[in-house]
Protein chains: 2
Amino acid sequence: MASDVQKVKPSRYIDGEFWELKDRLRKEIEDNDLFRQRFDITVDELRELTLKRAKFLLSLPQIRQQFADQLANKKGFISSSQAIGEVFSSVDMSVGVKMGVMAWLFGGAVMNLGSEQHVVKWFQPLKDLEFTGMFAMSEKGHGSNVRNILTEAHYDSNTQEFIITTPCEDAQKFYIGNALQGNYAAVFAQLIIGQESKGPHCFIVPIRDAEGNLYPGVSVTDMGLKEGLNGVDNGILHFTGARIPRENLLNRFADVSAEGVYTTSIPSHNARFNAMLAALVATRLALSNQATASMKVALEIAIRYAFKRVQFGPGEGPEVPIMHYQTHQLRLMPYLATCLAVTFANRYAADMLDDDFFHKRDLVDNRSIQALISGLKAYATWENLQCLQTCRECCGGMGYMSENRIAGLKQDCDVFVTFEGDNTVLYQQVVKELLAVFGQKLGDNRVLQTLSVLQQETAEYIKTSMFAVGTESVISASGMMKALSFREGRMLRKLAGRMLKKVGDGEEGFQAWNSCLHHTQALAKCHIQRVCLELFVAAVDRCPHQQEKDILNKFCLLYGTHALYTDRAWYLEHGYYTPANTKELRQQLLSLCAETCKHALFIVEAFHTPRISVHAPIAGVPSTKAPWAYYPEPGSENPLVAIDVDAIRRTTPLQSKL
Amino acid sequence: MASDVQKVKPSRYIDGEFWELKDRLRKEIEDNDLFRQRFDITVDELRELTLKRAKFLLSLPQIRQQFADQLANKKGFISSSQAIGEVFSSVDMSVGVKMGVMAWLFGGAVMNLGSEQHVVKWFQPLKDLEFTGMFAMSEKGHGSNVRNILTEAHYDSNTQEFIITTPCEDAQKFYIGNALQGNYAAVFAQLIIGQESKGPHCFIVPIRDAEGNLYPGVSVTDMGLKEGLNGVDNGILHFTGARIPRENLLNRFADVSAEGVYTTSIPSHNARFNAMLAALVATRLALSNQATASMKVALEIAIRYAFKRVQFGPGEGPEVPIMHYQTHQLRLMPYLATCLAVTFANRYAADMLDDDFFHKRDLVDNRSIQALISGLKAYATWENLQCLQTCRECCGGMGYMSENRIAGLKQDCDVFVTFEGDNTVLYQQVVKELLAVFGQKLGDNRVLQTLSVLQQETAEYIKTSMFAVGTESVISASGMMKALSFREGRMLRKLAGRMLKKVGDGEEGFQAWNSCLHHTQALAKCHIQRVCLELFVAAVDRCPHQQEKDILNKFCLLYGTHALYTDRAWYLEHGYYTPANTKELRQQLLSLCAETCKHALFIVEAFHTPRISVHAPIAGVPSTKAPWAYYPEPGSENPLVAIDVDAIRRTTPLQSKL
């Protein structure tokens, strides 16, 4: 039966709504020598190559159309940009990040924080590659706490200019992508009029002209070699009184008149800055999407290899493919399930954003989308790193060779968990959004109401644990969803109660929050897993092909089972599950891993990753650079049946090159 | 009080018995330009540099003495080699691995598998750097299952030679370190006399002469770029009838006469090969030691940075060092505790090995040392990778810069978890040793006795959980040891029972074992954690300085608490802990992290890692290559008290270079 299913060709459901666009882009890269994986070049060559790749991709008609759609606020441009980002990041993570910086981060700042004339001046030329941009928010002293950046923009009403200054070492703009090649930067700085600071605002600062000469008052330092993403030129921007016209302030939320009068639609510094950050949230979702693209490539390599590579076997019989081992299934299958879960969650988040953008809603008001995207970015990028590490280890020494790609993906994706919002900080943001929604529900008299909610909960929880959790509830998707929702709700109310009590007892707010950080991290993860499971269930429901639906359903169950099993201690501590329940969860985890593993090749095929992106010889893509690393197909219909590969290989004549 | 302790200088207790030897070696590298960290050179240059470094180190009088001690079987040479390995690996992991291959892996094969004349011929010249060796066991088709390697050594009695042949692609010797530069290889091959295979044996095969010319019948392929360890030249050895004299068979366990008569002291193929592998176990311990060296460097960087780097703070007050955050403490302190635990366990294992070597005991008979070393290698190398990843993330984007070293350590150490025994396979080996000891205790009538043990256990377990586990037992070291021992014992007996039942029910042995792999991995980890905790407690006991002892005791408690907390689900499932107990464990974990964090700088100082090895500008070691990455001391006596670093930095004049 397993081999029957194996023969079913996957539909385009997993590849998603924009599969035709993706296919056209894949065709552009598949046989294009420009996108051949390179492991043998210097950092300078890699940067040049990345720029060349980025320019080629930006010149494609599909990408020009994408710019046009965004300009026209055509519904769905976020979703299509996710599809594009996936294809580009799969073949080269550096080019994905570089393009993200030079066009979408810079362009996104212009589009979302600027006005009509800013768009005409700085967004439209991007699509014609007249120049490229950079995004300068982080400073040496402030990465997470961006509200307290130190760069200054003094308004000079005599010349109607802003003077951009780096007043101290900690104010240097750090880690700026495209710093060595870009022309304009969207610079965040404290806007100062007279002696008064108006808080952080975003300014367009010309960095270098078309010939590459730096403008006066600007200096750039190369930050050199990094663990990965070396195709991206990161540098330090340092300003010594760079003068820019008054019109270069992106003025959607606030403006300065020629005479130096400050006006804003949002009087509070904090609220204004929050609105600015919220408007940029789409770029954060892009990272979750890139992390998912990386998981797809690495899982395909590790899974294809696991069906080819044999080691040990029963008695004197033939050796078995390593995918046969319980440990191997347990290591890989939950990540394949997570990869699918995150794929559907990314798509949902993009749809929601598209809807908000289309209706020109202020994103800062949509707390659930803010929580979802912050949470998804943290969750997907962390899961991706663990998945990559596991894939590397599952490929043994072969996984360590650069030719087999996983090592490079690890290096490139590592920084995803700390940039564009450090994950631990993002998880706190998720919880703050959840608490805000919870607080809105409670209304004014928070303390009493929270305590009453906590009391009510005891009843609910006894009821749930004692009567509702039977065998069916443990193993069904609805039972799992209930369990995750229960945990999320309870942790949230508990946290609210703890915070209220601490602050009520006179503890300083910052310290009180700090003493709950362990709690907040667990809550944020639980929230995002609950949402991912819900969206996965909905995606299974919508799948129009019965056999594919059945397969996806197994992965969906595995996703939920794995999440609950990993955190079973909490459920046992709270009496929600009995030891018999968690034993059942373990059994279900083991059997679902064994079961889904039969469909693993079906799923990786459904990703439709081009061979130029998979690249790895151990996954069956030959390489002229490392012919020795190639692993042929074992030639079996049902890959989980032990086959005498050794006997086949023993009779394979050696290649003459050796 | 915290600052009082901070002022105490650490003794040499943590640095260990051989601290003077280590200090002498540190002095040799500290101001030696040869050991400057390099991130800017090609693979070829890196290989040459590594060879140069290795030759320099091998020529030091301390290292020549080490060879002499090993030759003389002087008691303690394993322990001193661990001390040496730690210093060398700290400054350059490639040089640690390269020297390990060229001298100790090759030399170890000669010493432990050869006879007197082999030692004279191939070990003694190593110390005079007359040539270097390599160790050729793994093949393309067999990494873990080395017993089934396919390389052949046919005996030709006419010429009294062995003919070494690679019969197929899968038989190629893969991943051989020093393959591009070494002269001799210790090659494992199936010994064949006439048509009969005698199983794997080890042969010394000349690869290239002093001028670098390959000998006839030998070819070498460069394996190119890897994720890390690029200073080590890994290659593929391929033999087409290379002829070597009969005397090149390392004949401690078996020999072939001139006429082709095979004699052996161990008739069983399997038992003989096990004895050979057991004799090589010291090199496996070396990896655990190298992983520990890496943890020390990375933790020092992340911890020093965490006390300097500030971000956010209460209200409008100054920002606080990131070490202040509960999450930061929770991420770093358990690894610092683990690093200490593994340090003491490595030392104990080396002492035991030294004792066995000194008394010329067959290591294969010492099952507990085999289990300890296999387990330690797997445990320490996995903990190291997680620790490095955490340290990288705790340093944010700065941790991603090559200049700050952690990225390189991650890349270099990644392969440790899959080479010299894949960790998942080693954990199985641990459990097999534990089961063998358990079986010996039970004697002949295993089935009945196991079942009776399982019944007895029910009583013991009820007694332990219901009466013995009070608050004191949860939080004391003895209570923790008891809990870990209880879990280890119960999981072992349960596994024995499961296996007996499965096999009794007619399940094939290999399949039965496969279906218990999840169980075996958890058991092996529990075993090694129990041993580590025991050895940590003993090491605290022995510490002669009261204040240092008190500090170490806190880390020891943290080590145990963290291990138990992480696996609290098991204890809850088995009714050993109540939810109240695990809540207490959580409280203890949080408070011990906060408490140990005050002593973190004391501990990293006690590692005595030279500044050339720490290197990272973010840890306060300036670099001319990346002056911008330097973080000055915040200038506070008590680093956990919030200080207005921003104010200090704002007044720091900018360096003229910018």
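A few notes on this one:
- Peptides A:25-35, A:280-290 ranked from most to least packed, by the mean per-residue count of other Cβ atoms within 10 Å: A:280-290, A:25-35.
- The Cα atoms of region B:32-258 define a convex hull whose projected area, averaged across directions, is 12.8 nm².
- Net +/- balance of residues flanking B:I406 in space, Cβ distance below 9 Å, scoring K and R +1, D and E -1: +2
- Inter-copy label distances at A:H359, using a point 7 Å along Cα-to-Cβ, come to 8.0 nm with the shortest given first.
- A dipole drawn for chain A from +1 and -1 charges on Cβ atoms has a positive end, and of A:N274, A:S144, A:F602 the residue lying farthest that way is A:F602.
- Buried area at the B-A interface (accessible, heavy atoms, 1.4 Å probe, summed, Å²): 8000 Å²
- Local electrostatic count, B:R64, Cβ distance below 12 Å [Lys/Arg +1, Asp/Glu -1]: -1
- When the P(r) is computed for region B:143-249, the part past 22 Å accounts for 30% of the Cα-Cα pairs.
- Mean projected area (nm²) of the alpha-carbon convex hull when region B:483-558 is viewed from all directions: 5.6 nm²
- With the gyration tensor restricted to C-alpha atoms of region A:70-202, the semi-axes of the equivalent ellipsoid amount to 29, 18, 13 Å, longest first.
- Along its three principal directions, the equivalent ellipsoid of region B:53-103 from the Cα gyration tensor extends over semi-axes of 18, 12, 9 Å, largest first.
- Using Cβ point charges alone (K and R +1, D and E -1), the dipole size of chain A about the Cα centre works out to roughly 1000 debye.
- Kirkwood hydrodynamic radius of chain B, Cα pairs, Å: 26.6 Å
- Using alpha carbons only, the radius of gyration of region A:358-435 set against its Kirkwood radius gives Rg/Rh = 1.16.
- Share of carbon and sulfur in the accessible heavy-atom surface of the protein assembly as shown [1.4 Å probe, %]: 53 percent
- Placing a label point 7 Å from the Cα of B:S591 along the Cα-to-Cβ direction, the distances to the matching points in the other copies come to 4.5 nm, shortest first.
- Chain A: antiparallel DSSP beta bridges as a percent of all, rounded to 5: 85 percent
- The mean of 1/r over all distinct Cα pairs in the protein assembly as shown, once inverted, gives the Kirkwood hydrodynamic radius of 32.6 Å.
- When each of A:K598/B:K441; A:K127/A:K525; B:K27/B:K308 is checked by Cα-Cα distance, pairs over 32 Å: A:K598/B:K441; A:K127/A:K525
- Between A:K55 and B:E45, the FRET efficiency estimated from the beta carbon spacing at R0 = 35 angstrom works out to 0.65.
- Take the Cα of B:Q124, step 7 Å toward its Cβ, do the same at B:A271, and the gap between the two points is 3.5 nm.
- Here B:N158 and B:K360 are evaluated by their C-beta separation; at R0 = 41 Å the FRET efficiency comes out at 0.65.
- Rounded to the nearest 20 debye, the dipole size of the protein assembly as shown about its Cα centre is 1660 debye, using +1 on the Cβ of Lys and Arg and -1 on the Cβ of Asp and Glu.
- Label point 7 Å beyond Cα along the C-beta direction, distances from A:K74 to other copies (nm, shortest first): 7.9
- Around B:F510: net Lys/Arg minus Asp/Glu count, Cβ-Cβ under 12 Å: -3
- For region B:32-258, the solvent-accessible area with a 1.4 angstrom probe is 32 square angstrom per residue.
- For region A:1-124, the alpha carbon positions stretch 62, 41, 21 Å along the principal axes, listed from largest to smallest.
- Note on chain A: dipole from Cβ charges, positive end direction compared against A:S80, A:L330, A:F438; the farthest Cα belongs to A:L330.
- Calculated SAXS-style log₁₀ I(q)/I(0) at q = 0.18, 0.24, 0.26 Å⁻¹ - region B:296-382, Debye, Cα scatterers: -0.83, -1.12, -1.22
- Full extension of the chain between B:E316 and B:N32 yields a length gain of 97.5 nm, computed as 0.36 nm times the residue separation minus the alpha carbon distance.
- Estimated D of region B:77-129 in µm² per second, where Rh is the Kirkwood radius over Cα pairs and Stokes-Einstein applies at 4 °C, 1.567 mPa s: 111 µm²/s
- Long-range tail of P(r) for region B:261-300 (Cα pairs > 12 Å, %): 69 percent
- With 0.36 nm allotted per residue and the present C-alpha distance subtracted, the A:M481-A:Q547 stretch has 21.4 nm of extension available.
- Calculated mean residue ellipticity, 222 nm, chain B: -17500 deg cm²/dmol, from DSSP H runs (n ≥ 4) at -39500 (n - 2.57) each, averaged per residue and rounded to 500.
- For region B:531-602, the ratio of Cα radius of gyration to the globular rule of thumb 2.2 N^0.38 Å stands at 1.22.
- Simple Cβ-charge dipole of region B:32-258, Lys/Arg +1 and Asp/Glu -1, about Cα centre, in debye nearest 20: 560 debye
The values are calculated or read from the model by the stated rules, or taken from the named source; none is laboratory data. Note that the coordinates shown come from a computational prediction; the quantities given were computed from them, not determined experimentally. Note: ideal-geometry Cβ built from the backbone for every residue, glycine included; neighbour counts use all protein chains shown. These accessible areas exclude ligands, DNA and RNA; they are computed on the full protein's heavy atoms, side chains included. Shrake-Rupley method; radii C 1.70, N 1.55, O 1.52, S 1.80 Å.
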